[in-house]
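Okay, so here's the structure we're looking at.
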Amino acid sequence: MARKPFIAGNWKMNTTPAEAKALAEGVVGQLKGFAAADVALCPPFVCLETVRGAVQGSPVLLGAQNIHWEASGAYTGEVSAAMLKAVGCQVAIVGHSERRQFFGETDESVRKRLGAALAAGLQAIVCVGETLAEREGGQTKAVVERQVRAALQGLEPAAAERLTVAYEPVWAIGTGRVATPAQAQEVHAQIRGLLAERFGGGAAGAIRIQYGGSVKPDNAKELLGQPDIDGALVGGASLKAGDFVAIVKAAG
């Protein structure tokens, strides 16, 4: 099944509103008339309103880097689905490895965040991936299977239409190390099989699976050429409009 590539830029804890505006405008300007891939920008929460204005009228989607599962309440530092939708978000990232590694995210909290995003009508990018110790210990498949199964628990098949899975080997994020295309494809194929088991072959064939982990203009084309790699979740390279646009165009 042909799947339209999906490239998302995760800006992490970078950019002031003024910097975010310039970066988003640079991306939008360089992608005029380009329709071969879906594109999302995920700035920090304080920049969402600014970036919304910059992408308005373009095909570029606005995304958030996280979402809480409760609608409101005493959850200092968290942001609800309603808040995100009010500022124009269409996409939310959940379960990024940095959230798991530094902020105590668990398979259970990732599942709840994913459920909240999909229930609110947002597109959701759920991240899975192994650490270096887990890969070197031969645990990659077991870790990925556990994370995927936990995230998808209880999801209705209809929700799968708005689901994207991002495979991000933790050892390749921000390190300059990249999974080889063959390594990445192997895990993407495993994830596709798990999706088929959960939702059926037809739905699994439509769900996009992104690769994340030091994606750059010079390695994007080979990675994106793999049969089960349907896009990229881009970190550092998304902070330069030219680099990010080059990755987007490599997908088309």
Evaluate the distance, in nm, between pseudo-label points positioned 7 Å from the Cα of residue 161 and of residue 22 along their respective Cα→Cβ axes. 4.2
Quick one: which of 12/216; 21/240; 12/221; 221/249; 4/249 span more than 18 angstrom between C-alpha atoms? 12/221
For the stretch 185-202 and the stretch 70-132, what is the centre-to-centre distance using only Cα atoms, to the nearest Å? 22
Placed amide H near residue 208: partners under 5 Å, 5+ positions off or other chain: 165
With θ taken as phi - 60° and the coefficients 6.51, -1.76 and 1.60, list the Karplus ³J(HN,Hα) couplings across the stretch 226-231 in order, rounded to whole Hz; mark glycine and proline as x. 6, x, 10, 9, 10, x
If R₀ is 22 angstrom, what is the calculated FRET efficiency for the pair residue 142 and residue 175, using the beta carbon separation as r and rounding to 0.05? 0.50
Most fluctuating residue of 54, 82, 151 in a GNM of the chain with Cα springs under 10 Å: which is it? 82
From phi via Karplus (6.51, -1.76, 1.60), per-residue ³J(HN,Hα) for the stretch 120-127 in Hz, x at Gly/Pro: 7, x, 7, 6, 10, 10, 9, 9
What is the spin-label model distance, in nm, from residue 49 to residue 206 if the labels are put 7 Å beyond Cα along the C-beta direction? 3.7
Below 15 Å, Cα to Cα, which aspartates and glutamates can residue 141 reach? Residues fewer than 8 away in the same chain don't count. 130, 168, 186
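Order the peptides 128-139, 91-102 from the highest to the lowest mean number of other Cβ atoms within 10 Å of their residues.
Packing order, densest peptide first, comes out as 91-102, 128-139.
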I'd like the Karplus ³J(HN,Hα) series for the stretch 89-101: coefficients 6.51, -1.76, 1.60, θ = phi - 60°, whole numbers in Hz, and an x wherever there's a Gly or Pro. 5, 10, 9, 9, 8, 10, x, 4, 4, 5, 5, 5, 6
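Once the piece of chain linking residue 149 and residue 56 is laid out straight, how much longer is it, given 0.36 nm per residue of separation minus the C-alpha distance between them? Display every interim value, and only then the final one.
On the way: separation 93, 0.36 × 93 = 33.48 nm, distance 3.59 nm.
This chain segment gains 29.9 nm when fully extended.
Read the figures in this text as sums done on the coordinates, not as results from a lab. None of these values were measured; they are calculated from a predicted model. Heads up, the Cβs are rebuilt from the backbone with ideal geometry, glycines too, and the neighbour counts pull from every protein chain shown.
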